[in-house]
Amino acid sequence: MELVLERISKKVGPQLWLREMNLTLQSGAVTVLLGATQAGKTSLMRIMAGLDVPTSGRVLVGGKDVTGVPVRERNVAMVYQQFINYPSLTVAQNIASPLKLQGYKNIDARVKELAERLHIDMFLERLPAELSGGQQQRVALARALAKNAPLMLLDEPLVNLDYKLREELREELTQLFATSDSTVVYATTEPGEALLLGGYTAVLHEGELLQYGPTAEVFHRPNSLKVARAFSDPPMNLLAVQAMGTGLRLPGDVYLEIGTQVPQAGALTLGIRASALRLQSRPGDVAVQGVVELAEISGSDTFVHVKSAWGELVAQITGVHYVALGETVTLHLDPAQVYLFGADEALLRAPDRAHAYAGGR
């Protein structure tokens, strides 16, 4: 099923919620809508589903104009932040409800299969109120998957779950989507979630579509500073620099040689992903000393906030490291890993793929 948004916009009163955009979803693939709160993700999904009508533009499904066709006349499955289940039906009956409407045969076997895949098969005879929030969200996901709709919309479905459960469900959903024929649209504020789900990513900001393409390509080659900011967690380190031949003049009067002619003269912005900064040196690195202002451990990474001559820097160090506040550390950087943005904030230079995943240690 091909879904095309053609010059779509949405205005509510004097406010422009969605700026005019064109978007063609890849059939049978996952498209992630990535952006901060109020970026326009939910508004866009409601138009895709038929819950709202665009102020201008058309929605095409399989080449047919369905603009204004209500959701009840479309074959769409949706899962929201707040799980929605039928409270008077058991888990098994909730999952089976769309199957019965479709006249599906072997309903019990399909319900059991989906329940097992989402690890809720032991709760099939319980009512939703007897389950935890995470278990109830799994029921809602199972019911959406059971519908087997050509278009499945998931609006931040894991945002209200605890960290461990989110991690488990992300992995499960990635596997489920890979074996599904549905076109999946998944809204999130988290860059890491977009990378894990893969597929394609549309980056939104204040109702504007900034960039759309294969997720890895958008991550490695953000077309602007806005996209780089949206698709970096922790935020990309951004420094004001001056172009000088084949190098850059950094804050603190430091010269950084990047090996190729800088494509634009004058004031530019240098971007350094936190994962590109390391505590250990490698041949060809440049180094900068700084004082640790904050060190936090998150999962299997340590985030070190450093005040340096270059400015405030955040380094994402692989592994668990205990770094004292006020300690002087030296951060190392391969110049091949830097991004460069022009005066108009457009991308001028990005690392090649060989350097893109060289994580910090």
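The values are calculated or read from the model by the stated rules, or taken from the named source; none is laboratory data. The model shown is predicted, which means the values in this text are computed figures rather than measured ones. Quick reminder, even Gly has a Cβ in these numbers, built from the backbone with ideal geometry, and neighbours come from all protein chains shown.
Checking the stated criteria, G299 turns out not to satisfy the condition of being surrounded by 12 or more Cβ atoms within 10 Å (Cβ to Cβ), assigned by TED's automatic domain parsing to the domain that holds L238, on the phi > 0 side of the Ramachandran plot and modelled with pLDDT under 95. Selection of strands (runs of 3 or more DSSP E) fully inside segment 285-345 by the criterion of at least 2 residues being touching a His at 6+ places or on another chain (Cβ under 6 Å) returns 286-298.
Taking segment 1-94 as the region of interest, the strands (runs of 3 or more DSSP E) fully inside it that hold 1 or more residues being closer than 30 Å to S232 by Cβ are 3-12, 15-24, 30-34, 76-79.
Residues that are free of Cβ contacts under 8 Å to residues at least 40 places away in the same chain and at negative phi within segment 242-259 comprise Q242, A243, M244, T246, G247, R249, Y255, listed in sequence order. Here the condition is being touching a residue at least 12 places away in the same chain (Cβ under 8 Å), within 28 Å of Q175 (Cβ to Cβ) and assigned by TED's automatic domain parsing to the domain that holds Q211; of A109, A39, it holds for A39 alone. Scanning segment 285-336 for residues that are in contact with a strand residue (DSSP E or B) (Cβ under 9 Å, 6 or more places away or on another chain), among the aliphatic types (A, V, I, L, M) and in contact (Cβ under 8 Å) with a residue 40 or more places away in the chain returns V286, A287, V288, A309, L313, V314, A315, I317, V329, L331, L333. If the condition is being surrounded by 16 or more Cβ atoms within 10 Å (Cβ to Cβ) and either part of a loop (DSSP other than H, G, I, E, B) or outside the structural domain of A187 (by TED's automatic domain parsing) (or both), then segment 118-128 contributes L118, I120, L124, L127.
Residues being over 27 Å from E190 (Cβ atoms), in contact with a helix residue (DSSP H, G or I) (Cβ under 9 Å, 6 or more places away or on another chain) and touching a residue at least 40 places away in the same chain (Cβ under 8 Å) are represented in segment 118-131 by at least one member. Per the listing V59, V66, V76, V91, the residue uniquely touching a Ser or Thr at 6+ places or on another chain (Cβ under 8 Å), hydrophobic (A, V, I, L, M, F, W, C) and in contact (Cβ under 8 Å) with a residue 12 or more places away in the chain is V59. Selection of first residues in segment 269-284 that are crowded, with 18+ Cβ neighbours inside 10 Å and of second residues that are assigned to a helix (DSSP H, G or I) and modelled with pLDDT of 95 or more, restricted to Cβ pairs under 8 Å at least 6 apart or on distinct chains, gives the following pairs, ordered by first then second residue: T269/L225; G271/L225; G271/A228. Once segment 217-239 is narrowed to residues that are assigned to a helix (DSSP H, G or I) and charged (D, E, K, R), the residue that is surrounded by the fewest Cβ atoms within 10 Å (Cβ to Cβ) is E217.
Among all residues of segment 101-117, there is at least one that is more than 25 Å from L25 (Cβ to Cβ) and either buried (at least 19 other Cβ atoms within 10 Å of the Cβ) or touching a Lys or Arg at 6+ places or on another chain (Cβ under 6 Å) (or both). Applying a threshold of 6 Å to beta carbon distances and a minimum spacing of six or more residues, or different chains, the list of pairs starting in segment 18-32 at a residue that is assigned by TED's automatic domain parsing to the domain that holds Y212 and more than 22 Å from E171 (Cβ to Cβ) and ending at one that is in a strand (DSSP E or B) and small (G, A, S) reads L18/S9; E20/S9.
The set of residues in segment 51-107 that are among the basic types (K, R) and within 15 Å of L151 (Cα to Cα) comprises K64, R72, R74. Note on segment 346-361: among residues that are assigned to a loop (DSSP other than H, G, I, E, B) and surrounded by fewer than 19 Cβ atoms within 10 Å (Cβ to Cβ), the one that is modelled with the highest pLDDT is D352.
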